[in-house]
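Novice: Please find one structure pasted underneath; my questions will follow.
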Amino acid sequence: MNKKTRREFLKTASIGTAVTLSALSYSRIAGANDRIAIGMIGCGGRSQDHFKQISAYKDKENVEIIAVCDPWKEKREKTATMVKDVFGKDPQQFESYQDLLSKAKVDAVLIASADHVHARQLEAAAKMKKHAYCEKPLANNMKELISAYDAVKENKVIVQVGTQLRSYPSFTGAREVYKSGILGKVSRVEQCRNGNKPYWYSKIVKNLNPADVNWKEFTAGVTDKPFNPVLCSAWYGYRDFSDGPIPQWGSHFIDLVHYITGAQFPESAVCSGDTYTWKDEYNFSCPDHIQVLWKYPEGFMVSYSTNFGNGAGNSFKIFGNQGLMDLQDWNNPVLLPDGALTKTDALKEKKEIEPIERPDHILDWLQCMRSGNEPNANIEAGYQHAVACIMAMIAYDTGKRQIYDHTRREIREG
């Protein structure tokens with residue numbers, strides 16, 4: 001293969017686009033007939049969705065999964081079998097993400113591990129010049145969030161954060177309609193996302209063999225509790241590893257608030273909740289009912305709540321003084337004149353919001369690795385949703401209002 005200059009390669013990849021591909025990833029992609037080699041960090045439920053999407057694009061986008069990593073042997077081996085079936089070769093298998101990053105010749109990684117290690121793994125990947133698709137929440141604390149963010153910026157890698165709802169054509173359409181000002185003065189955005197049982201109960205595996213899990217690798221030092229099959233399999237319900245509904249479900253919501261309205265950071269947050277319904281032998285520590293109120297400098301209040309005591313009452317609305325936007329049906333958002341003080345000719349009756357097509361979230365990431373464009377949910381978007389969620393959980397834990405100082409990158413009481 002004739003050598004190309006970096007400039008010549010980038011012209012063929014995306015004419016007229018400024019690109020930030022790392023030298024290491026650039027040489028690997030260009031030197032291997034442009035094939036992008038991907039490693040999977042985490043082989044649980046979310047990774048299976050990623051695998052299906054990558055598999056669908058393997059020929060069109062010339063990508064290949066060559067390595068898988070998970071401390072849980074059964075999940076790792078199951079994913080390795082799936083990879084071989086689709087790509088025709090056995091992938092390398094690792095218990096440790098550090099080993100995958102240092103030993104597998106990957107250009108990029110899919111991070112779909114437990115919440116408590118997302119930021120650490122993203123930081124490590126960025127420092128190794130690997131592009132990354134990283135699941136939400138981006139981080140559970142500000143220290144790790146800042147470290148991961150800085151590593152991504154310093155190493156100029158392409159990062160897509162897994163808040164994929166913003167890549168739905170429906171929500172992209174809603175964003176454009178919002179920009180038109182048809183709602184008038186917006187004062188409130190709210191979502192109630194409820195269920196009749198916490199999602200972590202569906203993850204319980206009681207007969208998990210401790211010999212099949214590298215417990216030290218999984219816990220990553222966040223707890224010294226001994227191995228327990230429920231603690232391991234249903235980690236979503238334990239504060240050791242996850243902070244529950246706000247960072248898990250609420251991160252999607254607050255990311256959409258930012259995407260649609262253009263807001264970036266809350267100026268304050270208050271939060272309350274507890275476990276009211278699901279008290280049992282499992283002693284899950286994530287609340288089954290929680291509500292947060294964020295105040296934004298743009299001049300509106302944002303409310304998110306989850307109640308796992310009853311599945312009714314779900315809603316997602318943006319309220320303006322000229323009407324509201326109802327986004328509860330993710331694929332079919334609508335405008336309504338309901339509750340408006342000022343009736344306008346533009347919004348006299350129910351109006352469907354036209355979708356705006358765009359690449360799906362995984363495809364966007366794959367294409368951006370070649371073009372160097374910023375993906376739809378870049379590191380800035382991930383940082384913003386994480387700040388909001390961390391503020392909420394500190395407010396929940398302390399019972400005190402939290403404020404965010406963006407200049408100092410600091411959350412404090414206020």
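The values are calculated or read from the model by the stated rules, or taken from the named source; none is laboratory data. Predicted model, so just to flag it, every value in this text is computed and none were measured. Backbone-built Cβ (ideal geometry, glycine too); neighbour counts: all protein chains shown.
Novice: Looking at this structure, is L347 more than 21 Å from I246 (Cα to Cα), surrounded by 16 or more Cβ atoms within 10 Å (Cβ to Cβ) and out of contact with any strand residue (DSSP E or B) (no Cβ under 6 Å at 6 or more places or on another chain)?
Specialist: Judged against the criteria, L347 is not a match.
Novice: Among the numbered criteria (1) within 30 Å of K343 (Cβ to Cβ); (2) of a type in the set (D, E, K, R); (3) more than 21 Å from the chain's Cα centre (by Cα), which one does D90 miss?
Specialist: It fails just one condition, (1).
Novice: If you don't mind, there's one more thing I want to ask. Are there helices (runs of 4 or more DSSP H) fully within the range 17-97 with at least 2 residues that are at pLDDT 95 or above and surrounded by 15 or more Cβ atoms within 10 Å (Cβ to Cβ)? List them.
Specialist: 45-56, 73-87
Novice: Part of a strand (DSSP E or B) and at pLDDT 95 or above: is that true of Y149 in this structure?
Specialist: The answer is no for Y149.
Novice: Which of (1) of a type in the set (S, T, Y); (2) crowded, with 19+ Cβ neighbours inside 10 Å; (3) closer than 26 Å to Y238 by Cβ does Y296 not meet, given it meets every other one?
Specialist: (3)
Novice: Which of (1) outside any helix (DSSP H, G or I); (2) at pLDDT 95 or above; (3) surrounded by fewer than 24 Cβ atoms within 10 Å (Cβ to Cβ) is the odd one out, the single condition E123 does not satisfy?
Specialist: (1)
Novice: Can you go through F284, F319 and tell me which one is outside any loop (DSSP other than H, G, I, E, B) and either of a type in the set (F, W, Y) or more than 25 Å from the chain's Cα centre (by Cα) (or both)?
Specialist: F319
Novice: Pick from the range 243-276 the residues that are part of a strand (DSSP E or B) and over 21 Å from the mean Cα position of the chain (by Cα): which of them is nearest to Y201 (Cα to Cα)?
Specialist: The qualifying residue nearest to Y201 (Cα to Cα) is D274.
Novice: Continuing with the same structure: Among what's in the range 202-240 and is out of contact with any Pro (no Cβ under 6 Å at 6 or more places or on another chain) and acidic (D, E), pick the residue that is farthest from M391 (Cα to Cα).
Specialist: Per the criteria, the residue is D212.
Novice: Right, something else. Keeping to the range 150-167, report how many residues are on the phi < 0 side of the Ramachandran plot, surrounded by fewer than 24 Cβ atoms within 10 Å (Cβ to Cβ) and touching a residue at least 40 places away in the same chain (Cβ under 8 Å).
Specialist: Going through the range 150-167 one residue at a time, the tally reaches 6.
Novice: Taking S170 and the conditions (1) in contact with an Asp or Glu (Cβ under 9 Å, 6 or more places away or on another chain); (2) not assigned by TED's automatic domain parsing to the domain that holds L327, which numbered condition does it fall short on, given that it satisfies the others?
Specialist: Going through (1) in contact with an Asp or Glu (Cβ under 9 Å, 6 or more places away or on another chain); (2) not assigned by TED's automatic domain parsing to the domain that holds L327 one by one, S170 breaks only (2).
Novice: Let me ask something else. I want to confirm something. Restricting to the range 340-353 and keeping residues that are part of a strand (DSSP E or B) and more than 17 Å from S170 (Cα to Cα), which single residue is modelled with the highest pLDDT?
Specialist: For the range 340-353, the residue satisfying everything is L347.
Novice: OK, next. For the range 354-378: of the residues being touching a strand residue (DSSP E or B) at 6+ places or on another chain (Cβ under 6 Å) and assigned to a loop (DSSP other than H, G, I, E, B), which is surrounded by the fewest Cβ atoms within 10 Å (Cβ to Cβ)?
Specialist: This residue is P375.
Novice: List every residue pair whose Cβ atoms sit under 7 Å apart, with the two residues 6 or more apart in sequence or on different chains, where the first one lies in the range 307-328 and is not assigned by TED's automatic domain parsing to the domain that holds W249 and the second, anywhere, is modelled with pLDDT of 95 or more.
Specialist: Nothing qualifies.
Novice: Working carefully through the options K279, K295, find the one that is outside the structural domain of D107 (by TED's automatic domain parsing), of a type in the set (K, R) and outside any loop (DSSP other than H, G, I, E, B).
Specialist: One residue alone meets the criteria, K295.
Novice: Filter the range 395-411 for residues that are of a type in the set (S, T, N, Q) and assigned to a loop (DSSP other than H, G, I, E, B) and give the result.
Specialist: T407
Novice: Condition check: surrounded by 12 or more Cβ atoms within 10 Å (Cβ to Cβ) and out of contact with any helix residue (DSSP H, G or I) (no Cβ under 8 Å at 6 or more places or on another chain). Does D329 satisfy that?
Specialist: Answer is no for this residue.
Novice: Determine which single condition G221 fails, assuming it passes every other condition in (1) at positive phi; (2) assigned to a helix (DSSP H, G or I); (3) not basic (K, R).
Specialist: (2)
Novice: Within the range 61-83, how many residues turn out to be under 14 Å from A104 (Cβ atoms) and of a type in the set (K, R)?
Specialist: Number satisfying all stated conditions: 1.
Novice: Quick one: D243 ticks every box in (1) farther than 30 Å from G173 by Cβ; (2) buried (at least 23 other Cβ atoms within 10 Å of the Cβ); (3) touching a Pro at 6+ places or on another chain (Cβ under 6 Å) except a single one, so which number is it?
Specialist: (3)
Novice: How many of the residues in the range 204-231 are in contact (Cβ under 8 Å) with a residue 60 or more places away in the chain and either touching a Leu at 6+ places or on another chain (Cβ under 6 Å) or within 30 Å of Q328 (Cα to Cα) (or both)?
Specialist: Of the residues in that region, 1 qualify.
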